[in-house]
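These notes concern the structure reproduced below.
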Amino acid sequence: MASISNVIDEARNLLEKRLAELDDERKRVERALANLIEGKGGRRRGRPKGSTSKSKKSAPRRRRGRRGGTRADQAVKLIEANPGITASEIAKTMKIKPNYLYRVLGELEKEGRVKKKGRQYNAA
């Protein structure tokens, strides 16, 4: 008899837990419906705030000044100080992701500022 009452208690507990979950979900759905009816939810139309249309002429946005120069300049300084350094070592030192650095290093190679031999970079 004891095992049957345990099974019944366990089933009751599971059903009560599921009812609480359903109550929470019902409240979320009701809030979403209320927001939709009031016009708060859903997709917004038009341009996002702060964007300008192509016809408007606005002053170009200014970037914040960099204290240490550009990433390219920083990479060249590191390569000059450590000939034969690899891209992953440069990225760790600069605390940036290597995939971004590879793009910077590719541009530096095209400009002739650095030379790549195997995995190592040297100043040109």
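The Cβ shell under 14 Å around Lys97 holds other residues with a net charge of +3, Lys and Arg each +1, Asp and Glu each -1.
Note on Thr70 and Leu22: the model spin-label points, each 7 Å out from Cα along the C-beta direction, lie 6.3 nm apart.
Look at where the Cα atoms of segment 67-124 and of segment 1-32 average out, and the two centres are 60 Å apart. Seen from Gly106, the other residues with C-beta closer than 13 Å to its C-beta sum to a net charge of +3, counting Lys and Arg as +1 and Asp and Glu as -1.
What does the charge count around Lys77 come to, taking other residues whose C-beta lies under 12 Å from its C-beta (Lys +1, Arg +1, Asp -1, Glu -1)? Before the final figure, lay out the partial values.
Details: positive: Arg71, Arg113; negative: Asp73, Glu80.
Cβ neighbours under 12 Å give a net charge of 0.
The length gained on full extension between Tyr100 and Ala124, counted as 0.36 nm times the residue separation minus their Cα-Cα distance, comes to 6.5 nm.
Each reported figure results from applying straightforward, stated rules to the coordinates on display, with no laboratory input. Everything numeric in this text was worked out from a predicted model, so none of it was measured. Cβ atoms come from the backbone with ideal geometry, glycine included; neighbour counts cover every protein chain shown.
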